[in-house]
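A short write-up of the structure that comes next.
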Amino acid sequence: ESLTALDLIDIIEAYQTRLDPKGKFYLFLDEIQVVKDWEKFVRTIYDQQKQVKIFVSGSSSSIFDSKLSSLLSGRIVNLQVFPLNFVEFLQFKHQDKKNKSLKDDLFEESLTEYLTYGGFPRVVLEQNKIAKRQILVSYYESILEQDVILKNNIKQATVLKQLAKYVLSNVGKQLSSYSLQKTLNISSQNIIRYLDYLEDAYLIFRIPKFSYSVKKQIYNPDKVFCVDSGLVNTAGFSFSKNKGHLLENLVYLKLKQQNKDLYYWKNGTEIDFLIRKGTQVERLVNVTTTVDDDQVWEKEIKSLAIAQKEYPQAEMQLISLYNQSKRQSDCLTSLKEFLFEKFNS
């Protein structure tokens, strides 16, 4: 039987009766989403206990959509915590963290490790590669079992796991419920429901195709990304064959943490990320492993130019991992530069 708000109140009263604390005390509530009516408990404690500071955390986005914001309007601060970004990863590894002076060979070595094992602090600090993978497997299984299957009372657990594995094996790609239905033989209705659960558990994120028509956004497939590249590889992703999509996932995560309004764009050609600010399209972004190949360079630049004709005010940006030929263009940014850019709004 799950905990309720009344159970938490009993615990607090027992704590105060037995220990009789003096002055301010700190209340930490982890995985709070499993407690029924937890918002009422927090509001009650906040109103009754003037000397209390409350920290609420959970592995579900539903806590941000809860009734707490309206109950404590103006007295609450929401914060989404992600795995370590690349610069934080370097800090944990005691490598250059202040600027872009990290040598290219060390940068590439560090980037490969980051893309392979991701940014969970415990994984980053673990030296043994086998142990790293074991930790990631336990994280992945825990997210599916506890935060998705158990939380949502899913009866077809095997089907859900098949869907999660397929989705994480196709990070950075467009996935429609119709195509997933044909591929996995799962009903479209269940696919939509399961994808919502995976997103609620912060395992995946989805961005829609950009259109000023909401109807067109709804009826076009979303692109899917993952919260951590280590989890992507754990789910069966082929690193060597799909490095480009892992790079795109890396760029997505930084843009998301900058609170950018993100979409993709497709109209004869495709733009990896379209960034909107208010009603205006602010930036068009493509991600590639290299611009040294003439065909790749021409394709990427042409795609950006086509999209800019639709949105003349938008800035173009091509982010590339490799540029041995040292091509020059106002829109070209190295991945190294992009990752070391300070976060801005």
- Item | Residue within the stretch 260-268 that is hydrophobic (A, V, I, L, M, F, W, C), within 21 Å of Asn323 (Cα to Cα) and surrounded by 15 or more Cβ atoms within 10 Å (Cβ to Cβ) present | no
- Message: I'd like to check something: does the stretch 68-77 contain any residue that is assigned to a helix (DSSP H, G or I), surrounded by 17 or more Cβ atoms within 10 Å (Cβ to Cβ) and modelled with pLDDT under 70?
- Response: yes
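Considering only the stretch 99-130, state which residues are closer than 21 Å to Val227 by Cβ, part of a helix (DSSP H, G or I) and open to solvent by less than 70 Å² (accessible area, probe 1.4 Å).
Ser110, Leu111, Thr112, Glu113, Tyr114, Leu115, Thr116, Tyr117, Pro121, Val123, Val124
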- Query: Can you pull out the strands (runs of 3 or more DSSP E) entirely within the stretch 239-293 that have at least 1 residues that are more than 23 Å from Gln217 (Cα to Cα) and touching a strand residue (DSSP E or B) at 6+ places or on another chain (Cβ under 9 Å)?
  - Reply: 280-290
- Query: Between residues in the stretch 318-332 that are farther than 18 Å from Asp272 by Cβ and residues that are modelled with pLDDT of 90 or more and among the acidic types (Asp, Glu), which pairs lie under 6 Å by C-beta distance while being six or more apart or on different chains?
  - Reply: Gln324/Asp292; Ser325/Asp292
- Task: Inspect all residues belonging to the stretch 259-280 and state whether any of them is out of contact with any Leu (no Cβ under 8 Å at 6 or more places or on another chain) and either aromatic (Phe, Trp, Tyr) or within 19 Å of Leu84 (Cβ to Cβ) (or both).
- Result: yes
- Message: Based on this model, can you work out whether Val81 counts as in contact with a helix residue (DSSP H, G or I) (Cβ under 7 Å, 6 or more places away or on another chain), among the hydrophobic types (A, V, I, L, M, F, W, C) and modelled with pLDDT of 75 or more?
- Response: no
- Any idea how many residues of the stretch 317-344 are within 26 Å of the chain's Cα centre (by Cα) and more than 20 Å from Leu250 (Cβ to Cβ)? 0
- Query: Within the stretch 172-190, is even one residue in contact with an Asp or Glu (Cβ under 7 Å, 6 or more places away or on another chain), without any contact (Cβ under 8 Å) to a residue 60 or more places away in the chain and farther than 21 Å from Ser59 by Cα?
  - Reply: yes
- Which number in (1) at pLDDT below 95; (2) in contact with a Ser or Thr (Cβ under 9 Å, 6 or more places away or on another chain); (3) over 30 Å from Arg133 (Cα atoms); (4) not aliphatic (A, V, I, L, M) marks the one condition that Thr279 misses? (2)
- Residue satisfying all of: in the stretch 200-223; basic (Lys, Arg) and under 15 Å from the mean Cα position of the chain (by Cα); nearest to Gly278 (Cα to Cα) among these: Arg206
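The values are calculated or read from the model by the stated rules, or taken from the named source; none is laboratory data. Remember, predicted model here, so these are calculated numbers, not experimental data. No Cβ is skipped: glycine too gets one built from the backbone with ideal geometry, and neighbour counts run over all protein chains shown. In case anyone asks, the SASA skips ligands and DNA or RNA and just uses the protein heavy atoms, side chains included. Shrake-Rupley method; radii C 1.70, N 1.55, O 1.52, S 1.80 Å.
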